[in-house]
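Report on one structure; see the data block that follows.
The values are calculated or read from the model by the stated rules, or taken from the named source; none is laboratory data. None of these values were measured; they are calculated from a predicted model. Positions of Cβ are backbone-derived with ideal geometry, glycine not excepted, and every protein chain shown enters the neighbour counts. Quick note on the areas: whole protein, heavy atoms, side chains included, nothing else; ligands and nucleic acids left out. Shrake-Rupley method; radii C 1.70, N 1.55, O 1.52, S 1.80 Å.
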Amino acid sequence: MLRSQVVSALRRAMEDQGFLEITTPILTASSPEGARDYLVPSRKHPGKFYALPQAPQQFKQLLMTSGFDKYFQIAPCFRDEDARGDRSPGEFYQLDMEMAFAGQEDVFAVLEQVLPPIFAKYGAYHIASQAPFQRIPYFQAMEEFGSDKPDLRIDLRVKDVTSLLQNCGFGPFEGNLIKAVPVSGCKLTRKAIDKLCADVEVQAGQKPYWFRVDDKGEIVGGIAKFLNAGPDLAAQVKESLSLENDTLVLLCAGTRSQVWKTSGVMVKLAGAQCEGHLDKERYEFCWIVDFPMFEIGEESGQLEFCHNPFSMPSGGLEALLKAERGETDPLTILAEQYDLVCNGVELSSGAVRNHDPEIMVKAFELVGLGEEDVKAKFPAMYNAFCYGAPPHAGIAPGVDRMVMLLCGESSIREVIAFPMNKSAQDLMMDAPAPVTPAQLEELSIQVVEHSEEE
């Protein structure tokens, strides 16, 4: 019932902003958008497949090139991904929108008017951030919160103590980056601290460390002996971190990606377990901006798009040409991309689109795809852009995640009618299920079973 009310409210709000609801195709072509496609075999075209859309990305950009200036729909999206607490396997719905002759601030202005009243009216908590939402650059978010999905209801921040502690004599710190999360007024027992550290290690995959400033101002517990070994280090640590009595300090060490991940988990768990650091009953929105355009893929080890391949690089064509010539590192190129985050949950990603075919081709060349690949994978959009396209930008907040937050639930399955289980199965309807040999023959498909060794 709440979901129905929220979807109706979203539609009214978008229409009031002058947006036109347009339904885009469900059967479309496969395209590389970051997740696995669900494929649908074609009976009339043996050996060829439709794909269910991961998002209406190309269609909504084509609408912008064809003269529509404000589009939206409550769009079904299909991605063959593993389940998480905030992600349903298979399908989900999003408030998909796009604006012509618009930039980042135009998109922000729309959602900052649409979302707060809905969250304040229908949410389990009746306080929601008002416009303008806080803007946080990606690298600042990773350094201060250890996450690009910060929960601003938590007042804890990450501090860099590498230069201060790298030579303190504690082995795991040597040669590594070191991050600290001071937690003031923390009264956790030694047993509770050990449990907190164990939980951090399970979630982050890295061992955290700790020490505490007791009620007399002494550094005790954990790695305290390394800080108390020299005459000045303990005083320097207390001064540098502005530590008060009864403060727990959690620490982690490793590579940049390791300390980002571990410090983010420390902030999240310490904020929840130590009283006075989480103002739970409110909705805190923020924009994460200035994402990197490219990253090194964890599986491929090659340069890949970090978020959306259709985003405009900051600096335009010149930034890409400098990277191509070796004058700059492509990993330093930022994109006009942004995420909307609420209470530590990513509601959506969006971007100012790359509407120039020359810039688009050059961006894809940096990840190893040439002009012919771009034409083959995105023929409609490439051709449309060659005739001239207006600058445009968009975003697509997840409806399921919104309703999950409004209900105060931690699992998205609680707000979906007929949800699949974690293995992407609908046990009630017995889906997915085998089909008859006649159906397979009609579709020119043969099922080949693989052994476990293969």
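What the table below lists for this structure:
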quantity: Filter result (basic (Lys, Arg) and either open to solvent by less than 60 Å² (accessible area, probe 1.4 Å) or in a loop (DSSP other than H, G, I, E, B) (or both)) within segment 136-181; calculated: 149, 153, 157, 179
quantity: Filter pass, residue 373 being without any contact (Cβ under 8 Å) to a residue 24 or more places away in the chain and open to solvent by 50 Å² or more (accessible area, probe 1.4 Å); calculated: yes
quantity: Identity of the residue in segment 275-308, among the aromatic types (Phe, Trp, Tyr) and open to solvent by less than 30 Å² (accessible area, probe 1.4 Å), that ends up nearest to residue 406 (Cα to Cα); calculated: 283
quantity: Any chance residue 218 is surrounded by fewer than 18 Cβ atoms within 10 Å (Cβ to Cβ), among the acidic types (Asp, Glu) and closer than 29 Å to residue 148 by Cα; calculated: no
quantity: Candidates 133, 92 - the one that is open to solvent by 10 Å² or more (accessible area, probe 1.4 Å), closer than 24 Å to residue 311 by Cα, in contact with a Cys (Cβ under 7 Å, 6 or more places away or on another chain) and in contact (Cβ under 8 Å) with a residue 12 or more places away in the chain; calculated: 92
quantity: Subset of segment 101-119 [among the aliphatic types (A, V, I, L, M), assigned to a helix (DSSP H, G or I) and either in contact (Cβ under 8 Å) with a residue 60 or more places away in the chain or open to solvent by less than 20 Å² (accessible area, probe 1.4 Å) (or both)]; calculated: 107, 110, 111, 114, 115, 118
quantity: In segment 243-259, the residues that are open to solvent by 70 Å² or more (accessible area, probe 1.4 Å) and among the small types (Gly, Ala, Ser); calculated: 257
quantity: Residues that are under 25 Å from the mean Cα position of the chain (by Cα), of a type in the set (S, T, N, Q) and farther than 15 Å from residue 209 by Cα, drawn from segment 239-275; calculated: 255, 257, 273
quantity: Subset of segment 19-64 [part of a loop (DSSP other than H, G, I, E, B) and among the charged types (D, E, K, R)]; calculated: 33, 36, 37, 43, 44, 48
quantity: Enumeration of residues in segment 214-238 that are in a helix (DSSP H, G or I) and within 35 Å of the chain's Cα centre (by Cα); calculated: 237, 238
quantity: Residue ID - most open to solvent (accessible area, probe 1.4 Å), chosen from residues in segment 324-344 that are in a loop (DSSP other than H, G, I, E, B) and not basic (Lys, Arg); calculated: 327
quantity: Flag if residue 320 is open to solvent by less than 20 Å² (accessible area, probe 1.4 Å) and touching a residue at least 40 places away in the same chain (Cβ under 8 Å); calculated: yes
quantity: Contacts under 8 angstrom Cβ, first residue in segment 75-87 being open to solvent by less than 50 Å² (accessible area, probe 1.4 Å), partner of a type in the set (Asp, Glu) and assigned to a loop (DSSP other than H, G, I, E, B), 6 or more apart; calculated: 78/37
quantity: Test set (1) open to solvent by less than 60 Å² (accessible area, probe 1.4 Å); (2) at pLDDT 95 or above; (3) in contact with an Asp or Glu (Cβ under 8 Å, 6 or more places away or on another chain); (4) not aliphatic (A, V, I, L, M) - residue 311 fails condition number; calculated: (2)
quantity: Hits in segment 330-370 - residues which are in contact with a strand residue (DSSP E or B) (Cβ under 7 Å, 6 or more places away or on another chain) and among the basic types (Lys, Arg); calculated: 353
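A quick yes/no check of all residues on (1) open to solvent by 40 Å² or more (accessible area, probe 1.4 Å); (2) touching a residue at least 24 places away in the same chain (Cβ under 8 Å):
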{"position": "361", "(1), (2)": "no, no"}
{"position": "391", "(1), (2)": "yes, yes"}
{"position": "394", "(1), (2)": "no, yes"}
{"position": "410", "(1), (2)": "yes, yes"}
{"position": "414", "(1), (2)": "yes, no"}
{"position": "424", "(1), (2)": "no, yes"}
{"position": "430", "(1), (2)": "yes, no"}
{"position": "439", "(1), (2)": "yes, no"}
{"position": "445", "(1), (2)": "yes, yes"}
